[in-house]
1. Taking residue 373 as meeting all but one of (1) within 21 Å of residue 139 (Cα to Cα); (2) at pLDDT below 95, write down the number of the exception.
2. Return yes or no: is residue 235 surrounded by fewer than 14 Cβ atoms within 10 Å (Cβ to Cβ), over 30 Å from residue 115 (Cβ atoms) and charged (D, E, K, R)?
3. Scan the range 335-355 for residues that are touching a residue at least 60 places away in the same chain (Cβ under 8 Å), under 16 Å from residue 382 (Cβ atoms) and in a helix (DSSP H, G or I) and jot them down.
4. Residues 59, 86, 12: which one is surrounded by fewer than 20 Cβ atoms within 10 Å (Cβ to Cβ), closer than 16 Å to residue 192 by Cα, among the charged types (D, E, K, R) and under 35 Å from the mean Cα position of the chain (by Cα)?
5. Would you mind stating whether residue 297 is without any contact (Cβ under 8 Å) to a residue 60 or more places away in the chain, hydroxyl-bearing (Ser, Thr, Tyr) and outside any loop (DSSP other than H, G, I, E, B)?
6. Taking the range 71-83 only, how many residues are buried (at least 16 other Cβ atoms within 10 Å of the Cβ) and closer than 17 Å to residue 37 by Cβ?
7. Could you check the range 143-174 and list, in sequence order, the residues that are surrounded by fewer than 23 Cβ atoms within 10 Å (Cβ to Cβ) and part of a strand (DSSP E or B)?
8. Looking at 138, 214, 179, 186, which is the one that is of a type outside the set (Lys, Arg), surrounded by fewer than 17 Cβ atoms within 10 Å (Cβ to Cβ), at pLDDT 95 or above and not in a loop (DSSP other than H, G, I, E, B)?
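The values are calculated or read from the model by the stated rules, or taken from the named source; none is laboratory data. Treat the numbers as computed from the prediction; the structure is a model and nothing was measured. Here Cβ is always computed from backbone atoms with ideal geometry, including for glycine, and neighbour counts include all displayed protein chains.
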Amino acid sequence: MKAIWSESGKFDRWLAVEVAACEAWTRLGTIPEGDMTLLRSATWDPAKLDEKFQQTRHDMTAFLYSVTSSLGPEGRWIHLGMTSNDVWDTATALQLRDASAILLQEVDSLIGVLARRALEEKQTLIMGRTHGVHAEPTSFGLKLALWWDEMRRNRQRLVDASKQVAVGKISGAVGTHATVPLEVETYACEALEIDYAPLSNQVVQRDRHAQFITTLAVIAASLEKFATEIRSLQRTEVHEVEEAFGEGQTGSSAMPHKRNPELSERVCGLARLIRGHSVTALENVALWHERDISHSSAERVVLPDACMALDYILDLFTGVIQDLRVFPDRMMANIESTRGIIFSQRVMLALVEAGMSRDDAYHLAQSHAATTWEQSADFRELVKSDAAVQDRLSADQLAGLFDYRYYIRNVDAIFDRVGLTVEERTNAIA
């Protein structure tokens, strides 16, 4: 990823655009084939580029000087009819296309790891929490499957955004094609294996780039959500999962006992950075008239930075999930810590089905829940000993209410519905 966004990566692509445009002019008969043969061997010289830039303060002028210095008279054909953004925007499209390919690989890696861990933990009971408070049990595998499904949506978003941003523009000053025929743009972009903007002014319109960067921000936001859950579940009071902690690793310079979710915290921090870049990308959409360059300075930062940051945290979080330690016994201990209180809805519904009004059933269950909270009683025993409950529910019915596995009885069906099966995962990896 760094190579794509390096200075040499940029100027190599600039040269590729210039040569592709010359190939198009040759096809139209403007550039002689003999000159084109020489143009194909053109190079750019970093020293001459830097030297000329000190004089011109214009990177495109300096670049063209460094290229034509490697050529003879045929160098006059370089940049024929073109303006700076014909090269800049088209080369940027190549960078974004290549960066997207790397990001897509990272997304696919995370999707694969989430699928494997979700299937492994499909039947692992964990406390479901709303507002940070115990709600009803769920499956840890279902939690991971939810992330897997979200990353599949993110994958499609990335594919769509990549397609929108990977477009070239070789339409000359203000986009009228007055100095460069449409055929030059069509052929050059085809040779570069990208699409062309069917209509442009002096630049490729920045709504495309805004869509791309905001897509990266959405993916980063998902990663932050996942990482925040890992951080919460690793808290000492919860301790249901834990990031891998290697032998010799330290968590604190002062406290030898510390094991911190520092990788997940790193993901959260960099996700905020990427989210900030999306604001800049949106600000870059509105330019004066056919173009100004207020967007250019910002893009030199946000495009490479967002791509590199997302590349990094995708890889980082894939490793977190790959090596995540899971503690089912602790999960069950936390479920039991509220002494059956989480069965309150099951009790209420059973009483409703047995003929009790919903208000009365709700009040009865809530009353025993309050006693459980305040007196550290066992909710199940309070319910079993309630005469109003005994009048409506048999002992066998009561016993059946307090089964934790009831809450994950449809997990297999949910996995099947979203297509997360062993066979599907195997096919995807293959």
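1. Unmet for residue 373, out of (1) within 21 Å of residue 139 (Cα to Cα); (2) at pLDDT below 95: (1).
2. Criteria not met by residue 235.
3. Those that are touching a residue at least 60 places away in the same chain (Cβ under 8 Å), under 16 Å from residue 382 (Cβ atoms) and in a helix (DSSP H, G or I): 341, 342, 345, 346.
4. 12
5. Yes.
6. 6
7. Of everything in the range 143-174, just one residue is surrounded by fewer than 23 Cβ atoms within 10 Å (Cβ to Cβ) and part of a strand (DSSP E or B), namely 167.
8. None of the other options fit; the residue is 186.
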